[in-house]
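Beneath this line is the structure, given in structure tokens, with notes to follow.
The values are calculated or read from the model by the stated rules, or taken from the named source; none is laboratory data. Since the structure is predicted, the reported quantities are computational estimates derived from the model, not experimental observations. So basically every Cβ, Gly included, is an ideal-geometry build from the backbone, and we count neighbours across all protein chains shown.
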Amino acid sequence: MTEKICLITGATDGIGKATALALVARGFKVVVIARNMEKVSAFIREIEVPGTTKKVDYILADLSSMDQVIAMLDTFRQRYDRLDLLINNAGIVMPFAKLTEDGFETTFQVNYLAPFIITNSLLEHLGRSEAGRIINVTSSVYALGKFDLGKIDSITNYSAITAYSTSKLYLLMFTEELAGRVKGLTANSMHPGIVRTKMSTQVQGFPFLFKMISFVAMPFAIAPEQAAVTSLFLATSETVSKVTGKYFVNSKMVKTNSKFDTPVNRGKLWDHSMNIWKAKQH
Ligand SMILES: NC(=O)c1ccc[n+]([C@@H]2O[C@H](COP(=O)([O-])OP(=O)(O)OC[C@H]3O[C@@H](n4cnc5c(N)ncnc54)[C@H](OP(=O)(O)O)[C@@H]3O)[C@@H](O)[C@H]2O)c1
């Protein structure tokens, strides 16, 4: 049987790392997209057995830089002619407002724009798979997100919670729109639960409300290995092999609920993101 190839972002820590380890255990070749060479080397040391066939590859890229994302995609396409599974897992919460080198609010670019560009750039590769699957790791806080495309290159009146939840709303809307536009592939999004990771525990510098939420939620938080179960389910289960454009929690399909998540807004978001992407390519 042909070895399945998975590209995953954010596998140097937390949920992504647990997901990547589990996928390797299930026989996938996993290509890790990471920004930190030391962490990716440690990850490979942890997983590879010297003298055996390599199960993990990596390409360095900081997702807050479009140039680095483009270079990473070129490298991937040179090394591989097919992709079976794409997991857009990397995510951040920014305690303070910061524009990227491309002029966008950082949370927007890392959590939404980078997955949009990566996914659209790899559709041909995914189409060469027998059954290409795309998994976008969003969050239930998407429900607090606001649809305001005018804000993506602005950092005035910044709120970490609004920026994060809006980026996750956009990722959810993108998944639904993509599923309607692309045939022969599946694209689903998921919420991993409240998970004990760097993101949820290292809250120095965040506003008081954010620290309080973390403090109250942590006793109920699950381990990254438990959170990875839904990603693994979407990656491997036959029961979802034809399901697309849906949102999952605890490996169950859940109806989404945001007044902003309309066909018109999804179309606007798609066009706006595509225009950003096209402007970069010219
Ligand atoms: N933890 C939760 O309770 C929770 C709840 C709902 C949704 N989520 C979502 O689950 C996903 C994984 O989160 P986590 O909790 O596992 O977080 P985490 O432990 O902080 O891991 C985040 C991963 O993303 C990578 N990353 C962050 N910014 C990056 C950038 N600019 N370029 C490249 N890689 C970058 C990190 O790389 P480094 O190792 O270099 O930092 C790390 O590998 C995220 O999308 C998050 O929004 C988490």
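Between Asn120, Asn111, Asn188, Asn157, which is in a strand (DSSP E or B) and either of a type outside the set (Phe, Trp, Tyr) or over 29 Å from Ser237 (Cβ atoms) (or both)?
Going through Asn120, Asn111, Asn188, Asn157 in turn, just one is in a strand (DSSP E or B) and either of a type outside the set (Phe, Trp, Tyr) or over 29 Å from Ser237 (Cβ atoms) (or both): Asn188.
Please go through the range 71-86 and give me each residue that is over 18 Å from Arg133 (Cα atoms) and more than 14 Å from the ligand (Cβ to nearest atom), ordered by number.
Residues satisfying the conditions are Asp74, Thr75, Gln78, Arg79.
Could you tell me which numbered condition Lys39 fails, if it satisfies all but one of (1) surrounded by fewer than 19 Cβ atoms within 10 Å (Cβ to Cβ); (2) more than 10 Å from the ligand (Cβ to nearest atom); (3) over 20 Å from Lys168 (Cβ atoms)?
Single failed check for Lys39: (2).
Does any residue in the range 87-101 that is farther than 30 Å from Lys4 by Cβ come within less than 9 Å, Cβ to Cβ, of a residue that is among the acidic types (Asp, Glu) six or more places away or on a different chain, and which pairs are these?
Correct list of pairs: Met94/Glu105; Ala97/Glu105; Lys98/Glu105; Leu99/Glu105; Leu99/Asp153; Glu101/Asp67.
Out of all the residues in the range 136-143, is one or more of a type in the set (Val, Ile, Thr) and away from the ligand (no atom under 16 Å from the Cβ)?
no
Is it the case that the range 271-282 has a residue that's modelled with pLDDT under 95, over 21 Å from Arg181 (Cα atoms) and basic (Lys, Arg)?
Among the residues of the range 271-282, at least one is modelled with pLDDT under 95, over 21 Å from Arg181 (Cα atoms) and basic (Lys, Arg), which makes the answer yes.
When only residues in the range 10-36 that are assigned to a helix (DSSP H, G or I) and over 16 Å from Gly91 (Cα atoms) count, which is farthest from the ligand (Cβ to nearest atom)?
Ala25
Hey, any hits in the range 165-177 for a residue that's within 11 Å of the ligand (Cβ to nearest atom), of a type in the set (A, V, I, L, M, F, W, C) and under 24 Å from Pro224 (Cβ atoms)?
Checked against the condition, which is being within 11 Å of the ligand (Cβ to nearest atom), of a type in the set (A, V, I, L, M, F, W, C) and under 24 Å from Pro224 (Cβ atoms), the range 165-177 yields at least one hit.
Residue-by-condition table, conditions (1) assigned to a helix (DSSP H, G or I); (2) surrounded by 16 or more Cβ atoms within 10 Å (Cβ to Cβ); (3) touching a helix residue (DSSP H, G or I) at 6+ places or on another chain (Cβ under 7 Å):
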site: Phe206; (1), (2), (3): no, yes, yes
site: Met253; (1), (2), (3): no, no, no
site: Asn257; (1), (2), (3): no, no, yes
site: Leu269; (1), (2), (3): yes, yes, yes
site: Met274; (1), (2), (3): yes, no, no
site: Lys280; (1), (2), (3): yes, no, yes
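Quick one: count up the residues across the range 223-242 that are over 18 Å from the mean Cα position of the chain (by Cα), surrounded by fewer than 18 Cβ atoms within 10 Å (Cβ to Cβ) and within 22 Å of Ala22 (Cα to Cα).
Summing the residues that are over 18 Å from the mean Cα position of the chain (by Cα), surrounded by fewer than 18 Cβ atoms within 10 Å (Cβ to Cβ) and within 22 Å of Ala22 (Cα to Cα) in the range 223-242 gives 5.
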